[in-house]
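Here's the structure we're looking at; comments come further down.
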Amino acid sequence: MRRWLFALLLAFSGAVAADETVRICHGYGCLVQADIRYTEGQLGEVRRLLIATVNPENERKMLSEAIGRLYAWAGEQSDIHNDRGGNYADGHVSGKMDCIDHSTSTTRLLKMLEARHYLSWHRVLEPVARNVATVFFVHWSAVIEEKTDGEAPRFAVDSWFVDNGQPAVILPLGEWKKGAGPDV
């Protein structure tokens, strides 16, 4: 009876008290996909980080940290711990990730956070591509949009720029599409 009551209270509160599995891509082009299990404790840590945000800018800062932590935990369960920012620092190691791996996986992580009601100020959109300076280099990123009544600002959430476990780079989408971001 008490478990039933606890489950009912959780359901009505919007809280989710269970481990969650997310498929993380690697191997370039999502060639390999690993099922990563996030514990209730890990997700609680991310929830505490995000639930305390006071405005959209603060949520983006905390979201950057949260994505880094989620990737670090994924690296404890898969070869993505070998991933380095960009495409050239990886060499031929197992677990390396290109922008398709990152944009797909980061979008999945963001959608998990959104489904758990951890995002107060943003909604998750589909990944987008940019093509800067040459037709041969297309780069993909996950995207979030502020929840506003008017014109909603959009932001690239790009974990490809950083080593595994580091905070994701979050930039205004227009700047990102023009080529903004760390030089890797």
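The values are calculated or read from the model by the stated rules, or taken from the named source; none is laboratory data. Given the structure is predicted, the values throughout are model-derived calculations rather than measurements. Positions of Cβ are backbone-derived with ideal geometry, glycine not excepted, and every protein chain shown enters the neighbour counts.
Points worth noting:
- Filter result for residue 36 (at pLDDT 95 or above, of a type outside the set (S, T, N, Q) and not in a helix (DSSP H, G or I)): yes
- Extreme residue, surrounded by the most Cβ atoms within 10 Å (Cβ to Cβ), among residues of region 62-102 that are closer than 17 Å to residue 124 by Cβ and out of contact with any Pro (no Cβ under 6 Å at 6 or more places or on another chain): 102
- Selection status of residue 105, touching a residue at least 40 places away in the same chain (Cβ under 8 Å) and buried (at least 22 other Cβ atoms within 10 Å of the Cβ): yes
- Odd one out for residue 183 among (1) over 14 Å from the mean Cα position of the chain (by Cα); (2) in contact (Cβ under 8 Å) with a residue 12 or more places away in the chain: (2)
- Residues (modelled with pLDDT under 50 and not in a helix (DSSP H, G or I)) located in region 1-33: 1, 14, 16
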